[in-house]
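**Q** Below: one structure in structure tokens.
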Amino acid sequence: MSASKRKRKKKVVCVFSADRTEYSLLRPVIMRLKETFDVRILVAGMHLSPEYGYSVEDIRKDGLQVHKCVETLLGSDSSVAASKAMALGLIGFADYFAELGPDLLMVLGDRGETLAASCAALRQGVPIAHINGGETTKGSPDEAIRHAITKLSCLHFTGTEIYRQRVIQLGEAPERVHNVGALALETIMQSDLLSREKVAQLLKIDLDIPYAVVSFHPASQEQANVTKQFSQVLKALRKHRELKYVFTYAKADVHGRTINRMIDAFDKNNHSAAAFVSLDTVSCLSAIKHAAMIIGNSEGGIFEAPVLGIPTVNVGDRQKGRLQSGSIINCPPDEEAVSAAISRAQDPDFLKNMEYRSALYGDGESSQKIGAVIEDYLSSGKVSAQKEFYDLL
């Protein structure tokens, strides 16, 4: 046991975050954990990059102290650079966990930085709690990373009962896997969203005609495929002059910069488009709320859009496998198919009859449930980095 661990009175929970979207989901959990524990926030990745909005300042604006920053991003978005970024993170995280010796590490999702942080924590004997395990995204390489983090973790918080069963299927004991609902639902319920007029001022666009939010991310490790797929989406957008477009940049993923360059070119040549490197949580949710639809392959179209009452044109297989509301229109990354889906999303009959199923993802009290479970586990000493494989047979 480290000297710092012997001296402290409160249990220390380290919360890791690598980007703004991730932090927006973790924020209510952090606030809940702070009621009982000494919460240390560890950041890396896009949080520390001016290119991606330097969103570590979002955390500080919330009155939270960032305990440690670990630089991981390189100046390239190739697959080699992504692997090297994980290696850089592993070195920094190893030193941090050796020094701090937290009682628990809380992680969310499926980013490479998160996998690196989890590997470092495991080697230091730090128990890991993982949020959003058990989900399947068959069109994304992140699925393998998500399941790998599940196997490194000893405590699990899933968004639905189906996802809980998948985590158990991966060999995790049922008493360590908790269905708490989706944090995205709680984030929406707790956010004081902006009016349509304020959104227009924020986005600096004239809302004389409806607009669509476009959020597209790489669904392939090959640049040629990424370029081809997003080119098809942009061709479809050009056909629909009845809409304006608000683009959000792709994240720091393999070939994410390829998409961002294509967004810049489209924005430059189209007076009915605007592009944003990064929007804070309230601004992003408000922009979605007042949009005619969301187009692309982001989680926002699966989780947030149905709750906010707008249709989704979900392009390609990146989100394939996730539970979906009836407000989501799936289509391949093909110009004609995307165009047809955009038309359908504006059809009065579809809008009148589409089914929103926010109840798929719980009751909006995920952070309270997570906090209660962690209090029980840490106070009773149930959490350990050591675990046995739970065999279904």
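The values are calculated or read from the model by the stated rules, or taken from the named source; none is laboratory data. Everything numeric in this text was worked out from a predicted model, so none of it was measured. Positions of Cβ are generated from backbone atoms using ideal geometry, with glycine treated the same way; all protein chains shown enter the neighbour counts. Areas reflect the complete protein model, heavy atoms only, side chains present, ligands, DNA and RNA absent. Shrake-Rupley method; radii C 1.70, N 1.55, O 1.52, S 1.80 Å.
**Q** To the nearest 10 degrees, how steeply does helix 256-268 sit against the main Cα axis of the chain, on a 0 to 90 scale?
**A** It works out to around 30 degrees.
**Q** Taking a point 7 angstrom from the Cα of residue 350 along the C-beta vector, which residues in segment 278-292 have backbone N less than 13 Å away?
**A** 292
**Q** Given Cα positions, please report Rg to Rh for the chain, the hydrodynamic radius being the Kirkwood one.
**A** Reported Rg/Rh (Cα atoms, Kirkwood Rh): 0.97.
**Q** Report the semi-axes of the equivalent ellipsoid for segment 18-78 in whole Å, largest first, where each axis is √(5λ) for an eigenvalue λ of the Cα gyration tensor. Kindly include the intermediate steps, with their values, before the conclusion.
**A** Numbers: eigenvalues 107, 23, 19 Å².
So the three semi-axes of segment 18-78 are 23, 11, 10 Å.
**Q** Another one. Pairing the Cα long axis of helix 366-380 with the longest principal axis of the chain, what angle in degrees results, from 0 to 90 and rounded to the nearest 10?
**A** Rounded to the nearest ten degrees, it is 10.
**Q** Any chance you could run the full-extension gain for residue 224 through residue 282? It's 0.36 nm times the residue separation minus the Cα-Cα distance, nm to one decimal.
**A** Extra length available between residue 224 and residue 282 comes to 17.4 nm.
**Q** To continue, here is another question. Based on the mean of other Cβ atoms within 10 Å per residue, sort peptides 244-257, 103-116, 268-281 so the most packed one is first.
**A** In decreasing order of mean packing, 244-257, 103-116, 268-281 become 103-116, 244-257, 268-281.
**Q** Can you pull the one-decimal nm distance between simple spin-label points at residue 376 and residue 242, each 7 Å off the Cα toward Cβ?
**A** In this crude spin-label approximation the distance works out to 5.2 nm.
**Q** Between their Cα atoms, which of 198/239; 235/268; 244/268 are more than 18 Å away from each other?
**A** Numbers: 198/239 28 Å; 235/268 15 Å; 244/268 14 Å.
Over 18 Å Cα-Cα: 198/239.
**Q** How long, wide and thick is segment 39-134, going by the Cα atoms along their three principal axes, in whole angstroms, largest first?
**A** Ordered largest first, segment 39-134 gives principal extents of 34, 34, 30 Å.
**Q** A follow-up question, please. Would you mind getting me the FRET efficiency between residue 202 and residue 62? Use the beta-carbon distance for r and R0 = 22 Å, nearest 0.05.
**A** On the way: r = 19 Å, r/R0 = 0.87.
With a Förster radius of 22 Å, E is 0.70.
**Q** Oh, and also: Can you give me the long-range amide H partners of residue 179? Hydrogens built in the peptide plane at 1.01 Å from N, cutoff under 5 Å, separation of 5 or more residues or another chain.
**A** Amide H neighbours of residue 179: 158.
**Q** If you plug each phi of segment 64-73 into the Karplus form 6.51 cos²θ - 1.76 cosθ + 1.60 with θ = phi - 60°, what whole-Hz ³J(HN,Hα) values come out, in order, with x for Gly and Pro?
**A** 9, 8, 8, 7, 7, 10, 10, 6, 10, 6
**Q** Further question: For the chain, what does -39500 (n - 2.57) per DSSP helix run (n ≥ 4), summed and divided by total residues, give at 222 nm, in deg cm²/dmol to the nearest 500?
**A** Rounded to the nearest 500, the figure is -13000 deg cm²/dmol.
**Q** Then there's this: Assuming R0 = 45 Å, can you tell me the calculated FRET efficiency for the pair residue 363 and residue 83, based on Cβ-Cβ distance, to the nearest 0.05?
**A** Given R0 = 45 Å and the Cβ-Cβ separation, E is 0.70.
**Q** Under 17 Å Cα-Cα from residue 387, which lysines qualify once same-chain neighbours fewer than 8 residues away are excluded?
**A** Partners found: 151.
**Q** For segment 133-232, what does the alpha-carbon gyration tensor say about shape, rounded, prolate or oblate, given a ≥ b ≥ c as the root eigenvalues, a/c under 1.5 as rounded, and a/b over b/c as prolate?
**A** Verdict is oblate for segment 133-232.
**Q** Quick check: the angle from helix 79-100's long axis to the longest principal axis of the chain, C-alpha only, nearest 10 degrees?
**A** 30
**Q** Given H placed on each backbone N at 1.01 Å, which residues far from residue 214 in sequence or on other chains put an amide H within less than 5 Å of it?
**A** Answer set, sorted by chain and number: 246, 247, 248, 295.
**Q** Rg and Dmax of segment 200-344 over Cα atoms: what are they, in angstrom?
**A** Computed over the Cα atoms of segment 200-344, radius of gyration and Dmax are 13.8, 39 Å.
**Q** Give, rounded to the nearest 20 debye, the magnitude of the charge dipole that segment 192-302 has about its Cα centre when Lys and Arg contribute +1 at Cβ and Asp and Glu contribute -1 at Cβ. Provide the component values of the computation, followed by the final result.
**A** Values: 14 positive and 11 negative charges, 74 e Å.
Computed charge dipole of segment 192-302: roughly 360 debye.
**Q** Kindly write out, for segment 109-116 in residue order, the coupling ³J(HN,Hα) from the Karplus curve 6.51 cos²θ - 1.76 cosθ + 1.60 (θ = phi - 60°), rounded to whole Hz, with x marking Gly and Pro.
**A** Along segment 109-116, the couplings run x, 8, 7, x, 4, 5, 4, 4 Hz.
**Q** A further question on this structure: Please list, in chain and number order, the residues 5+ apart from residue 279 or on another chain whose amide H is under 5 Å from its amide H, with Hs placed from the backbone.
**A** Under 5 Å from the amide H of residue 279: no residue qualifies.
**Q** Sorting 336, 22 by accessible area (1.4 Å probe), largest first, what list results?
**A** On the way: 336 110, 22 10 Å².
From most exposed to least exposed: 336, 22.
**Q** Here's another thing I want to ask about it. Just to check I understand the Karplus step: with θ = phi - 60° and J = 6.51 cos²θ - 1.76 cosθ + 1.60, what whole-Hz values come out for segment 146-156, glycine and proline as x?
**A** 4, 5, 5, 5, 4, 6, 7, 9, 10, 9, 9
**Q** Quick one: length gained pulling residue 169 to residue 34 fully straight, 0.36 nm per residue minus the C-alpha distance?
**A** Working: separation 135, 0.36 × 135 = 48.60 nm, distance 3.23 nm.
Result for the pair: 45.4 nm of gain on full extension.
**Q** Using Cα pairs closer than 8 Å and at least 6 residues apart in sequence, work out the relative contact order for segment 205-252, in percent.
**A** Reported as a whole number, the value is 63 percent.
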